[in-house]
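Engineer: First the structure, then my questions, so here it is.
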Amino acid sequence: MTHSLRIPDLTIPARPSPVGPGDAGDPALNDVDVIRVRGDARLAGAVHVVGAKNSALKLMAAALLAPGRSLITNVPRITDIAIMGEVLRRLGCGVRFGPDDPVDPMVAHGGVERSRSVLIDVPERPGAEADYDLVRRLRASICVLGPLLARRGYVRVAHPGGDAIGSRGLDMHIAGLARMGAEISGEHGFVIAEAPDGLHGADILLDFPSVGATENLVMAAVLARGATTIDNAAREPEIVDICTMLNNMGARIEGAGTSTLHIVGVPELRPVRHATVGDRIVAGTWAFAAAMTRGDVTVTGLDPAYLEVALDKLVAAGGLVETRGDAFRVRMDDRPRAVDVVTLPYPGFATDLLPMAIGLAAVSEGGSLITENIFDGRFMFANEMMRLGAEIRTDGHHALVCGRERLSGAPVRATDIRAGAGLIIAGLCADGLTEVSHVHHVDRGYPDFVADLRALGVEVERGTAPEEPDLAI
Ligand code: EPU
């Protein structure tokens, strides 16, 4: 996509360093990646969304279930996928990234490649260990637990621990696998699961519709002896995607997209070719950005039904939303009206769009009550939003946001993928420049975010800035 905007020099004068150049090893000299945006922006145009990170990662793990070569297309070109490729390589798989098929329409219009295909060649006997070095970089590598236990009867995966959005339990993964006959233990920071005689089917009731636990248990159950029922299963489009891929590999799963999954185990699966479902969180990010900047954006690449609750919120805020096939358009002509948001498992409002909902509330007319029900640390980034002038009070899992006409550009720090994207979008509604640092987080989930922003008319630049040591107590 082309545009005629001239990108002025957004370079922010270098900050004086407290130490001289050459003091190698001083944290002040470690540069961090930053994205700078000029505020008072209005997003207009079209953007195509490629495959979902949170599906592609699990589809790559699911390939482990069948020896031979599986091909997954519409895989986003992001850091997390590269790390997952490394996880699979260390398990003995051949992993080759190539051009996507079909090619991302943005590439056809002269843009950079944002999606790829990945060919995964799985050996007869894959490895059974994922070490901390990789798991700490990619929490989702825990999703090799189910497929490796099913294939090898033994698996040792580093415990991922919590992260910047809160504590991230594994109890439901573990309890479900134990019901299927696995013996689970933990030592030296690893989760070890053993089922030397193979797994058997079981009736499993999840305490909460956990996405990761549902995926791990489905991947374990497809090769188990007998039938498994998972009640209170997650219903996300990414769950439907992995079940579709597994069924095309020869699995017998019924009920994908509902709260009850019935799985009849089969002795073996075959490799497959599968296209990843579109990324509803990236699409939702653009939808909120359009509304916040009183813009007009068309998003293609996914079924808008996956964003129904989020798009309804934008209508309640005064936006015009049109949906058609695999596309939707969001237009906002006036200042948005405040709306309350409650995050819930799908089909509820996605927790990964919470930073965007706070951004919208921060520039809306009136007060919004935002309630987070999935992650206990999701509001941690609110302090950074407040540096942009947002009026936010948090109490437990609630945030009260009083909207103001404009935010005020400032240097802020991305703490996780979605917070980073939310801060960049909020910067579009601020006076002056906003510099978001530590944007490697954003690279984990948004393929070429800067190019997409630019295509939609934003004055944006990517660069580096010296990391200041954080000395505050
Ligand atoms: N939980 C437990 N015990 C478990 C499993 C989960 O207590 O055994 C808790 C978690 O601690 C959390 C809640 O249940 O509080 C939800 O966890 P869930 O398992 O549903 O989430 P996840 O599989 O760890 C995925 C996405 C997240 C997304 C959530 C919710 C991936 C790789 N990650 O995480 O995406 O927020 O589902 O939709 O699929 C992101 O992309 O930025 C991201 C964080």
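Engineer: How many of the residues making up the stretch 271-326 are touching a Leu at 6+ places or on another chain (Cβ under 9 Å), closer than 26 Å to residue 103 by Cβ and among the small types (Gly, Ala, Ser)?
Structural biologist: Matching residues across the stretch 271-326 total 6.
Engineer: Among the residues of the stretch 314-351, how many are in contact (Cβ under 8 Å) with a residue 12 or more places away in the chain, surrounded by fewer than 24 Cβ atoms within 10 Å (Cβ to Cβ) and part of a helix (DSSP H, G or I)?
Structural biologist: So the answer is 2.
Engineer: Is it the case that the stretch 231-244 has a residue that's more than 16 Å from the ligand (Cβ to nearest atom), surrounded by fewer than 24 Cβ atoms within 10 Å (Cβ to Cβ) and not in a loop (DSSP other than H, G, I, E, B)?
Structural biologist: yes
Engineer: Could I ask something else about it? Give the residue that is nearest to the chain's Cα centre (by Cα), with candidates limited to residues of the stretch 250-276 that are closer than 18 Å to residue 226 by Cα and either in a loop (DSSP other than H, G, I, E, B) or not assigned by TED's automatic domain parsing to the domain that holds residue 67 (or both).
Structural biologist: The qualifying residue nearest to the chain's Cα centre (by Cα) is 255.
Engineer: Somewhere in the stretch 68-83, is a residue without any contact (Cβ under 8 Å) to a residue 40 or more places away in the chain and within 16 Å of the ligand (Cβ to nearest atom)?
Structural biologist: Among the residues of the stretch 68-83, at least one is without any contact (Cβ under 8 Å) to a residue 40 or more places away in the chain and within 16 Å of the ligand (Cβ to nearest atom), which makes the answer yes.
Engineer: Another question about this same structure. Can you name every one of the strands (runs of 3 or more DSSP E) wholly within the stretch 123-215 that holds 3 or more residues which are in contact with a strand residue (DSSP E or B) (Cβ under 7 Å, 6 or more places away or on another chain) and closer than 29 Å to residue 346 by Cα?
Structural biologist: Correct list: 203-205.
Engineer: Among the numbered criteria (1) within 22 Å of residue 194 (Cβ to Cβ); (2) of a type in the set (D, E, K, R); (3) in contact with a Ser or Thr (Cβ under 8 Å, 6 or more places away or on another chain), which one does residue 129 miss?
Structural biologist: Result: residue 129 passes all but (3).
Engineer: Filter the stretch 454-469 down to residues that are of a type in the set (A, V, I, L, M, F, W, C) and surrounded by fewer than 24 Cβ atoms within 10 Å (Cβ to Cβ) and give me whichever is nearest to residue 37 (Cα to Cα).
Structural biologist: So, considering only residues that are of a type in the set (A, V, I, L, M, F, W, C) and surrounded by fewer than 24 Cβ atoms within 10 Å (Cβ to Cβ), the one nearest to residue 37 (Cα to Cα) is 460.
Engineer: Between 400, 388, 428, which is among the aliphatic types (A, V, I, L, M), closer than 20 Å to residue 354 by Cα and surrounded by fewer than 17 Cβ atoms within 10 Å (Cβ to Cβ)?
Structural biologist: Exactly one of 400, 388, 428 is among the aliphatic types (A, V, I, L, M), closer than 20 Å to residue 354 by Cα and surrounded by fewer than 17 Cβ atoms within 10 Å (Cβ to Cβ), namely 400.
The values are calculated or read from the model by the stated rules, or taken from the named source; none is laboratory data. Because the structure is a prediction, the values reported are computed rather than measured. Every residue, glycine among them, receives a Cβ derived from its backbone with ideal geometry; neighbour counts consider all protein chains shown.
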